[in-house]
1. Just give me the residues in the range 225-280 being β-branched (Val, Ile, Thr), open to solvent by 70 Å² or more (accessible area, probe 1.4 Å) and in contact with a helix residue (DSSP H, G or I) (Cβ under 9 Å, 6 or more places away or on another chain), in sequence order.
2. Looking for whichever is more than 8 Å from the ligand (Cβ to nearest atom) and farther than 26 Å from residue 325 by Cα here; the options are 365, 392. Which one fits?
3. On the given criteria, is residue 407 among the polar types (S, T, N, Q), touching a residue at least 60 places away in the same chain (Cβ under 8 Å) and near the ligand (Cβ under 9 Å from one of its atoms)?
4. Please give the strands (runs of 3 or more DSSP E) falling wholly within the range 353-465 in which 3 or more residues are in contact with a strand residue (DSSP E or B) (Cβ under 9 Å, 6 or more places away or on another chain), modelled with pLDDT under 95 and surrounded by 15 or more Cβ atoms within 10 Å (Cβ to Cβ).
5. With the requirement that a residue be assigned to a helix (DSSP H, G or I) and either touching a residue at least 60 places away in the same chain (Cβ under 8 Å) or open to solvent by less than 20 Å² (accessible area, probe 1.4 Å) (or both), what does the range 39-56 give you?
6. Here is a list of conditions, (1) more than 60 Å from the chain's Cα centre (by Cα); (2) farther than 27 Å from residue 72 by Cβ, and residue 101 meets all of them except one; can you say which number that is?
7. Of all residues in the range 311-352 being small (Gly, Ala, Ser) and outside any loop (DSSP other than H, G, I, E, B), which is farthest from residue 260 (Cα to Cα)?
8. Which of the helices (runs of 4 or more DSSP H) contained wholly in the range 197-303 include at least 3 residues that are touching a residue at least 12 places away in the same chain (Cβ under 8 Å), within 30 Å of residue 177 (Cα to Cα) and touching a His at 6+ places or on another chain (Cβ under 7 Å)?
Amino acid sequence: MPKPDLILLALDESSILSLMDRVLRAVKYETATARDVQSLGKILKESTPGLLLIGERFDGHEGLKIAVELQERFPTLPFLLYTEKPKIDLIKGLFRLGLSGYLSPPLKTDEIVDAVETGLRNAHRVGDWLRREVNRTTASLQKRAQLSEAERTRLETVFNNIHDSVMILNPENLIILANPSMCRAFGINGAMAIGKPVLDVISHPDLLTLITRAQTNDPYQYHEVSFPDGRVGNAQFTAIHGVGYALTMQDITYLKEVDRIRTEFVHTVSHDLRSPLTSVIGYSELVERAGPLNENQKEFVSRIQDSIQHITSLINDLLDLGSIEAGMDTRREFVQLEGILRYTIDMLQGQIKSKQLIVHTDIASALPALRANPIRLRQVLDNVVGNAIKYSYPNGEIQIAIHSEENQVILQVADHGPGIPISDQPHIFDKFYRATNISSDVEGSGLGLAIVKNIVENHQGRIWVESTLDRGSSFFIVLPVSAEPVPAKKRY
Ligand code: ADP
């Protein structure tokens, strides 16, 4: 059987108090009587009454005020007020405060019981609703907490087991996270590093260069990172909106090794092919001298010679590229770029004429001399100007400009040819790459710009292209006035 509700009576000693006490007990309620404010507080602390019936005046205080204060502490406890004279203002205030009701003389037994029962019933309803809400909210919070904990554990596991190195920085470059792979690669103590400035924690020069360079406007940067034990990483520094930066690095040692083996192989094969080709050219020239040839035979021999010339120049390009990549381009002397350009244009005059092109040159006066390898610079100009001629439409125009700016000499070669599709532009400096809009009938191996880029970078310069499809292309080459050769490994 459920325990009967406890009704707490806070009324001054009077016949009303004993009447109420008697009536409520008679209908199986438990009652407790508070004689003063102090004992009222004590009872409320020690027991859990189902309803509080308080006099309009109690222990010299206003009952309504006491009820309001208690409501703060016991928001679900129903209150009834006993008043001798139920004045309209008092009743209004009572309902405004959310009290359950009031009792006033003449008191009838069933009215007392009714008022108490109604108060209790409402309180039970509110109590049930509250309990249900609390249970529901608690269950949903528990579920959410479990989910976010599971999610966090899963992300942490992924982050810690990722093979690539990952470090997250806040916008002030303080380390927020660093995975074990990153800590291993750079000898970082993960726990100690959190919250520290990345530049205090990382001392690897390649990575420092990447981070400091990335603080410029470029939102995405990468850099090769060489380790003393021969490993090579490809590190990226990426700005993440709302977080800061992500520093990631993949191990590309095996790719570098494959590239090295491939280059070595091509170099060896090219080298070994050169001698037999020289013999083939020599003998093909002797054929004519060995005896008279008919017209057909002459043509075949001439075709053989053309093809061998083609293969020979390809092989020469490959060998050239190999030696530049190996860091063998170390010759340096003072060179005037405009002088080299003159030689290039002279040499290409035949092609310019046969396509009826107009070449405009705009050479600034008093250009500084460059510390450079003149043979290699000639190769650069031959290739870039040669391309402008090769890819220009007949009767087209080519602009070549040279000027200097802050210890740099800048060359621009612009044509009005077919242009280069945007998707091809990042690759045209790769070996053997030819843009997709160029017909395979156009002669070329795709090696010229790879050689040019290597030479330019070996002179600590930069090359890039700006091109619009069907409008034309502009190649820019910036060379520092004085620069020492760059060791092969350090180029990026
Ligand atoms: P190729 O021997 O094919 O000319 P390059 O390495 O010199 O090789 O150039 C690579 C590719 O870049 C070319 O195949 C061509 O698609 C593109 N390219 C280079 N220069 C120009 C240019 N001036 N106009 C249009 N496309 C060009």
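The values are calculated or read from the model by the stated rules, or taken from the named source; none is laboratory data. This is a predicted model, so every value here is computed, not measured. As a convention, Cβ positions derive from the backbone with ideal geometry for all residues, glycine included, and neighbour counts pool all protein chains shown. Remember, those area values only see protein heavy atoms, side chains included, never the ligands or the DNA or RNA. Shrake-Rupley method; radii C 1.70, N 1.55, O 1.52, S 1.80 Å.
1. If the condition is that a residue be β-branched (Val, Ile, Thr), open to solvent by 70 Å² or more (accessible area, probe 1.4 Å) and in contact with a helix residue (DSSP H, G or I) (Cβ under 9 Å, 6 or more places away or on another chain), then 278 is the only one that fits.
2. 365 is the lone residue from the list that is more than 8 Å from the ligand (Cβ to nearest atom) and farther than 26 Å from residue 325 by Cα.
3. no
4. 370-372
5. Of everything in the range 39-56, those that are assigned to a helix (DSSP H, G or I) and either touching a residue at least 60 places away in the same chain (Cβ under 8 Å) or open to solvent by less than 20 Å² (accessible area, probe 1.4 Å) (or both) turn out to be 40, 44.
6. (2)
7. Checked the range 311-352; the qualifying residue farthest from residue 260 (Cα to Cα) is 350.
8. So the answer is 205-214.
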